[in-house]
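Take a look at the structure below.
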Amino acid sequence: MSELTLGYFLRRLGMWLLTIWIGATLIFTIPRLAPGDPITAMVERMIQQAGYIENSADLIEAWRARFGLDGPWHVQYRNYLLSMVRVDLGYSLANFPARVTDIIGRSLPWTLGMVSIATILSFCAGNLIGALMAWRRVPAAIRNILPVSLTFTSIPFFMFGILLISFLAFKWKIFPAFGNYGRGVEPGWNLDFILSVLHHGLLPVLSIVVTSMGFWALGMRGMMVTTDGEDYMILANAKGLRSRRIFWFYGIRNSMLPQVTALALNLGAVAGGSLLVELIFGYPGLGYFLYQAIISADYTVIQGIVFMLIVGVATAVLILDLLYPMIDPRITYSKGQA
Amino acid sequence: MTAATTIDPVDTVTASRGPAEQDTILDIRNLQVFYATPTGDVRAVDNVSFKVQRGEIIGLVGESGCGKTTTAMAILRLVQPPGRIAGGEINLDSVNLADLEGDDLRETRWTKLSLIPQGAMNSLNPVMRISSQIKDTIRTHEGRISNRELKERILQLLQLVGLPSRVYDMYPHELSGGMKQRACIAMAIALDPVLVIADEPTSALDVVVQRVVGETLLDVKERLGVSMIVIGHDMGLMAQLVDRLAVMYAGRIVEFAPVESIFNEQLHPYTQLLIESIPSIKEKKPLKLTEGLTHDLRTHMQGCIFQLRCPHVMDICREENPPMRALRSRHETACHLYDDDGVRLH
């Protein structure tokens, strides 16, 4: 295996920047293609609510200047890119003067924490179940029970979430129905806070894990069956290796490769995909605020969050590109075979 | 053995167990391997018996589906369901492998008998370095060994099969087919087994590499005194490599003899047709052995298994199954075409 070279890293970093630039440009372009502009729309909505607003035309002009929407498009575009580089996503239209970066900064850790833990748990559990379903040395009794754990795969996760809330939160009151931590708990590194976070996070995590596990399990089972038929599995048995070693280092190790690709793409889309879960559980993450922004036509927040998603996917792919040759030695960092 | 006749009766017991018996490494008796199908068992290997002496190379030839590989897999106890060992004994170093289970079986594997696989191309784990794949085998069976000692040992093995030491750190996809096959040979002898089974070790290799792999096998045998069973279609490799040749047909051994003897004179009609079907550059001869006439292996056949394709079939062939008889010195055949003195009847 050729070692990770600076050239390779720079090439991949270039791809990463290119992806983000194209994404940012699309975000810039698409709202401007639509008829009307958000400021006018908002002022008109205010006029409808208040009946009459003095000097509405001046107000619109002033706000356009404030949000950088005046001037020719190339000036706007340059300013927009510069602010993106400075990670300055502007102000929220609906909740002025809240900054978009503050909204994202407040919600992103919760989403990242909750959804990535859920995704990783689901990935591990699903792959293990799938691998065991395909492994012939597992006692038949256990192998027949395993598919039962995948029953909930056919239920959409938001339906399952509602089910969990109605029973565990409302009927039996074991878990809280909404929020990320309890009232009266001081945020910080104290046991009360951590327990409260876990208590609040468990149901959303559970609803994602239980309903997405099957996706991983079915993929893994298929890969494992294929791997089990390979000649090196027969040789591994002939070598008298312990069953456990063959399972992990010969079976799972070789079956994992396509699963890891899927995981990276999933992690990138984590924030967006969790929208409904966050909504149902009233969990103040990225998806929750995205929803709020959409219903209040808060363009800058939508732009900011979509931009974050693009950065997320691009970064996940970048990390995968750097990690893949370590997972699969047949993929190299060298230019010719990349 | 000839000495035994001159020794007095008291010693005969020990003497007759003498060199030949003691030097028997593998003694297979009435081995049966059946594959379960919805319409009944397919008798893939039916009553196969043979012995392998210490330091001897046995060749196993026959057409596709005759049970060569199944026999090998049965010896390694690697018959996969729906297949099963339905009967018989596989005595390796006076342990019946057919009776072993669990950890006993696992510990016997590779320490006593190892495999050089058929598809060397895919027989190495693609995500592990060659050294790691040899290492895990040694560590599993011999417990803790220092890394330095292990590395030295693996480098020695690589050298023994003619591989450069840089192969140590390489992955399978970085090796050529011949190098992979030699890496497999190095792995097979890592624990100094008494028996190595090579399942078509040269298939999918070009002729030069075939020759090199053949020489490597021979060299390994000379140095380690290991016994081998070599399975294959390649008569050239057999002539180069083996001491005795067993010809299999429809799950049975029909002829078993020293390789020179069998190339000089084929007694069984199937062996004759098999040898004749080797293409010759001197003359274009029509193929006498035709495909697709093997009898249904699910039914037990009355009489000789080769009667449907045999050009010399007689009435007795349809009645009685011919037993294996030594018709020449050490040359055994199961055929009614010869009388007990080895004289051909017609």
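A 20 angstrom limit on the alpha carbon distance is what I want to check against. Which of B:Lys68/B:Lys135; A:Lys239/B:Lys180; B:Lys68/B:Lys284 exceed it? Intermediate values should be presented prior to the final figure.
Numbers: B:Lys68/B:Lys135 30 Å; A:Lys239/B:Lys180 16 Å; B:Lys68/B:Lys284 29 Å.
Beyond 20 Å between Cα atoms: B:Lys68/B:Lys135; B:Lys68/B:Lys284.
The reciprocal of the average 1/r between distinct C-alpha atoms defines the Kirkwood hydrodynamic radius, which for the protein assembly as shown equals 31.3 Å.
The simple spin-label model puts a point 7 Å past each Cα toward its Cβ; for A:Tyr291 and A:Leu6 those points are separated by 4.9 nm.
Cα centroid separation, the stretch A:87-103 to the stretch B:210-251: 78 Å. Secondary structure note: in the protein assembly as shown, about 65% of the DSSP beta bridges are antiparallel. Taking the number of Cβ atoms within 10 Å of each Cβ as an exposure proxy, the fewest-first ranking of B:His295, B:His268, B:His331 is B:His295, B:His331, B:His268. Residues whose amide H comes within less than 5 Å of that of B:Leu115, counting only those at least five positions distant or on another chain, are B:Ile197 (H built at 1.01 Å from N in the peptide plane). Hull volume per residue, based on the alpha-carbon atoms of chain A and their convex hull, is 203 Å³.
Using a Förster distance of 30 Å, how high is the FRET efficiency between A:Asn55 and A:Ala94, based on the Cβ-Cβ distance and rounded to 0.05? Please report the intermediate quantities before stating the final value.
On the way: r = 22 Å, r/R0 = 0.72.
Here the calculated transfer efficiency is 0.90.
Once the Cβ-Cβ distance of A:Gln48 and A:Thr25 is raised to the sixth power relative to R0 = 45 Å, the FRET efficiency obtained is 0.85. Partner aspartates and glutamates whose Cα lies under 19 Å from the Cα of B:Lys151, excluding those fewer than 8 positions away in the same chain, are identified as B:Asp136, B:Glu142, B:Asp169, B:Asp192.
Per-residue shielding of A:152-163, expressed as the average number of other chain Cβ atoms within 10 Å of the residue Cβ, stands at 0.
Could you tell me what percent of the DSSP beta bridges with both partners in chain B are antiparallel, to the nearest 5?
Working: 32 of 50 bridges.
Antiparallel bridges: around 65 percent, rounded to the nearest 5.
Under the convention that each Lys and Arg Cβ holds +1 and each Asp and Glu Cβ holds -1, the size of the dipole of the protein assembly as shown around its Cα centre is about 1460 debye.
What 222 nm value per residue comes from the helices of chain B, counting each DSSP H run with n ≥ 4 as -39,500 (n - 2.57) and dividing by all residues, nearest 500 deg cm²/dmol?
Result for chain B: -9000 deg cm²/dmol, rounded to the nearest 500.
The residue list A:Leu198, A:Leu286, A:Ser83 was ranked by how far each Cα lies along the charge dipole of chain A toward its positive end, using unit charges on Cβ atoms, and A:Leu198 comes out on top. A crude spin-label estimate for the pair A:Thr261 and B:Glu320, with each label 7 Å from Cα along the Cβ direction, gives 6.5 nm. The order of B:His336, B:His141, B:His346, B:His300, going from fewest to most other C-beta atoms within 10 Å of their C-beta, is B:His346, B:His300, B:His141, B:His336. Along chain A, counting only GluC sites (Glu not before Pro) with a DSSP assignment other than H, G, I, E or B and at most 10 other Cβ atoms inside a 10 Å radius, the longest segment between sites is A:55-338. Here A:Ile331, A:Ile22 are placed in order of increasing Cβ neighbour count within 10 Å, fewest first, which gives A:Ile22, A:Ile331. As a calculated quantity, the FRET efficiency between B:His346 and A:Ile145 at R0 = 60 Å, using C-beta atoms, amounts to about 0.35. For the protein assembly as shown, the residue among B:Val196, B:Ile305, A:Asn127 whose Cα projects farthest onto the positive side of the dipole built from Cβ charges is A:Asn127.
The modelled label-to-label distance for the pair B:Arg139/A:Leu163, using points 7 Å beyond Cα in the direction of Cβ, is 4.4 nm. Compactness of the stretch A:112-295 is given as radius of gyration and Dmax, 19.5, 63 Å, from Cα positions.
Lacking any other cysteine beta-carbon closer than 4.7 Å, the following Cys residues of chain B have no compatible partner: B:Cys66, B:Cys184, B:Cys310, B:Cys335.
Shape analysis of the stretch B:142-196 based on the Cα gyration tensor places the equivalent ellipsoid semi-axes at 19, 15, 9 Å, largest first. Mind listing the long-range amide H neighbours of B:Arg325? Cut-off is under 5 Å, sequence gap 5 or more, other chains count too, H placed in the peptide plane at 1.01 Å from N. Under 5 Å from the amide H of B:Arg325: B:Thr333, B:Ala334, B:Cys335.
Determine the dipole magnitude for the stretch A:112-295: charges of +1 sit on the beta-carbon of Lys and Arg, -1 on that of Asp and Glu, nothing else is charged, the reference point is the Cα centre, and the result goes in debye to the nearest 20. Could the numbers behind the result be given before it?
Working: 12 positive and 6 negative charges, 135 e Å.
With only Lys, Arg, Asp and Glu charged at Cβ, the dipole is about 660 debye.
Place a label point 7 angstrom from the Cα of B:Asn96 along the Cα-to-Cβ direction, then list the residues of the stretch B:21-59 whose backbone nitrogen is under 20 Å away. Residues B:22, B:24-34, B:45-52 qualify, since their backbone N sits under 20 Å from the label point.
For chain A, the membrane-span-like helices by this rule, meaning whole DSSP H stretches whose C-alpha atoms cover at least 30 Å of axis and whose Kyte-Doolittle mean is 0.5 or above, are A:6-33, A:100-134, A:191-228, A:299-327; this says nothing about an actual membrane. For the stretch B:23-176, the Kirkwood hydrodynamic radius comes to 17.8 Å, computed from all pairs of different C-alpha atoms. Scaling against 2.2 N^0.38 Å puts the C-alpha radius of gyration of the stretch A:210-303 at 1.67.
Since every read-out is calculated from the coordinates, none of them should be taken as a lab result. Bear in mind that the values here come from a model prediction, so they are computed numbers and not experimental data. For neighbour counting, all protein chains shown are included, and Cβ atoms are generated from backbone atoms with ideal geometry for every residue, glycine included.
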